[in-house]
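Report on one structure; see the data block that follows.
Read-outs throughout are calculated quantities, based only on the coordinates presented, and are distinct from any laboratory measurement. A quick note: this is a predicted structure, and the numbers were derived from the prediction, not measured. Backbone-built Cβ (ideal geometry, glycine too); neighbour counts: all protein chains shown.
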Amino acid sequence: MAGSAPHDPNDLGRRRGDSVTLSCVSIEILGPKEIEKMRLAGKAAASTLKHVGERLRPGMSTLDIDALVRAHTKETGGKPSQLGYHGFPATVCTSRNEVVCHGIPNAKEILKEGDIVNVDVTTDLNGFHGDCSATFVIGEASEDAKKIARVARECRDAGIAAVKEGARLGDIGAVIEAHAKKNGCSVVRDFGGHGIGRKMHMDPHVPHYADPGKGVRLKAGMAITIEPMVNLGRSDIEVLDDDWTVVTVDRKLSAQFEHTVIVTREGHEITTLLPAP
Ligand code: MF3
Ligand code: CO
Ligand code: CO
């Protein structure tokens with residue numbers, strides 16, 4: 001998860017509909033009806049992320065972000081997919097500064113000028129999921145803070161640009177890692193993107209590092225997330241005693257951006273992108 005850890009046996013559930021089986025990995029191929037539902041779920045998640053992003057201010061707590069996500073998700077008619085997921089205690093992950101992912105909202109964690117914070121929203125709308133995140137820079141920030149947020153966004157977008165029928169996951173990871181390295185940054189290896197659809201986390205696991213010529217070959221109708229976690233320093237991570245919060249071992253900054261994408265013959269469709277107003 002959050003992405004997904006390389007092997008999450010709890011996430012290997014039953015599938016309905018068409019699927020392809022590749023070395024024991026079963027990946028659902030979505031049909032037109034399901035794709036339409038994915039569009040609606042993606043739009044709901046994206047609208048909640050936008051709503052939150054417009055309201056972030058120094059002095060707010062990360063628990064305030066949870067309250068915003070809880071209320072807005074309800075307004076969209078959806079449910080927060082993350083609440084209770086393997087016991088996760090909140091509706092949203094809030095990952096500040098050296099937190100890589102899975103940060104738990106907390107009333108005592110106050111956003112201050114110069115912080116960066118990733119807000120990761122996943123919405124279940126009518127049984128289909130949309131998953132997206134963005135790293136927001138709070139007020140005036142250091143060049144390093146602005147840089148890591150920019151590079152993480154560029155890494156995600158470069159990865160998405162490589163998504164099309166026939167592409168291999170290892171090649172998509174290569175594009176992402178190359179962009180991070182070019183900028184002197186590193187990519188987290190222990191977590192990645194994931195298949196998504198009737199569940200938030202499905203097969204396949206989507207690595208964000210190079211594994212050229214390896215990995216699943218994408219087919220039109222597959223839905224995956226691209227969500228690289230990019231570090232200013234080393235790629236090593238550790239999990240804190242709360243068993244959720246993932247931080248950089250060197251405590252340097254980490255940033256992440258995420259979209260849900262559906263593979264098409266020509267390329268891809270991003271479900272968590274809002275139409276320009
Ligand atoms: N939305 C996260 C992801 O991108 C999922 C986090 S799982 C949770 O895959 F349990 F921490 F919420
Ligand atoms: Co995800
Ligand atoms: Co997410």
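Miscellaneous remarks
- GLU165 vs. criteria closer than 29 Å to ILE35 by Cα, of a type in the set (Asp, Glu) and part of a loop (DSSP other than H, G, I, E, B): yes
- Number of residues in the stretch 192-238 that are farther than 25 Å from ASP18 by Cβ and away from ligand 1 (no atom under 13 Å from the Cβ) equals 14.
- In the stretch 79-86 there is at least one residue that is more than 30 Å from ARG234 (Cβ to Cβ), without any contact (Cβ under 8 Å) to a residue 60 or more places away in the chain, out of contact with any Gly (no Cβ under 9 Å at 6 or more places or on another chain) and outside any loop (DSSP other than H, G, I, E, B).
- One residue alone among THR271, THR225, THR260 is in contact with a Cys (Cβ under 7 Å, 6 or more places away or on another chain), crowded, with 24+ Cβ neighbours inside 10 Å and over 25 Å from ASN106 (Cα atoms), and that residue is THR260.
- Pairs with Cβ under 8 Å, 6+ apart, first in the stretch 88-114 and closer than 16 Å to ALA141 by Cα, second within 16 Å of ligand 2 (Cβ to nearest atom) and part of a loop (DSSP other than H, G, I, E, B): ARG96/GLY103
- ASP203, sole failed condition from (1) more than 16 Å from ligand 2 (Cβ to nearest atom); (2) within 18 Å of the chain's Cα centre (by Cα); (3) among the acidic types (Asp, Glu): (1)
- Against the test of being in contact with a strand residue (DSSP E or B) (Cβ under 6 Å, 6 or more places away or on another chain), more than 16 Å from ligand 2 (Cβ to nearest atom) and not in a loop (DSSP other than H, G, I, E, B), the options GLU177, GLU154 yield a single qualifying residue, GLU177.
- HIS102 on the phi > 0 side of the Ramachandran plot and crowded, with 18+ Cβ neighbours inside 10 Å: yes
- Every residue from the stretch 87-128 that is within 9 Å of ligand 1 (Cβ to nearest atom) and either of a type in the set (A, V, I, L, M) or in a strand (DSSP E or B) (or both): ALA90, VAL92, CYS93, CYS101, ILE104, ASP120, VAL121, THR122
- Residue match in the stretch 121-128 (condition: surrounded by 24 or more Cβ atoms within 10 Å (Cβ to Cβ), of a type in the set (D, E, K, R) and within 14 Å of ligand 3 (Cβ to nearest atom)): no
- Residue check, VAL151 under 18 Å from SER61 (Cα atoms) and either in contact (Cβ under 8 Å) with a residue 40 or more places away in the chain or away from ligand 1 (no atom under 16 Å from the Cβ) (or both): no
- Residue ranges of strands (runs of 3 or more DSSP E) in the stretch 235-277 with at least 1 members more than 24 Å from PHE128 (Cβ to Cβ): 237-239, 246-248, 254-256
- One residue stands out among those in the stretch 196-213 that are surrounded by fewer than 24 Cβ atoms within 10 Å (Cβ to Cβ) and of a type in the set (Gly, Ala, Ser): the one that is farthest from ligand 3 (Cβ to nearest atom), which is GLY213.
- Matching strands (runs of 3 or more DSSP E) fully within the stretch 192-233 where at least 3 residues are touching a His at 6+ places or on another chain (Cβ under 8 Å): 193-195, 202-206, 223-226
- Hey, GLU165 out of contact with any helix residue (DSSP H, G or I) (no Cβ under 9 Å at 6 or more places or on another chain), more than 16 Å from ligand 3 (Cβ to nearest atom) and among the charged types (D, E, K, R) or not: yes
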